[in-house]
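Please treat every number below as a calculation from the coordinates, not as lab data. Note that the structure is a prediction, hence the values are computed from the model and not measured. Don't worry about glycine lacking a Cβ; one is built from the backbone with ideal geometry, like all the others, and counts go over all protein chains shown.
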Amino acid sequence: MEYICCHCKRKKSNSGWVKQKADPAQRHSHGYCPECFQAMMEKIEGHVGMDKAIAESCVVSL
Ligand SMILES: [Zn+2]
């Protein structure tokens with residue numbers, strides 16, 4: 001199973017989040033890398049109708 005950030009398309013590897021092509025042989029799970037998660041959180045800060053807890057459940061931590 002590979003994790004891919006659905007925003008910047010980077011892939012989670014042992015050395016962190018890298019720009020790399022997804023391996024078609026692997027199963028993929030989409031989420032947010034910590035960087036994009038932060039950026040998204042700042043963006044939606046104050047937004048109505050967005051549940052922070054739901055967004056937080058999307059983050060894939062290293
Ligand atoms: Zn990202």
Long-range amide H contacts for E2: which residues qualify at under 5 Å (H placed 1.01 Å from N, peptide plane, sequence gap of 5 or more or a different chain)? R27, H28, S29
Amide H of V59 versus every other amide H placed in the peptide plane: which residues, excluding those fewer than 5 positions away on the same chain, fall under 5 Å? Y32
When ranked by the protection proxy of mean other Cβ atoms within 10 Å per residue, highest first, what sequence do the peptides 28-41, 10-23 form? 28-41, 10-23
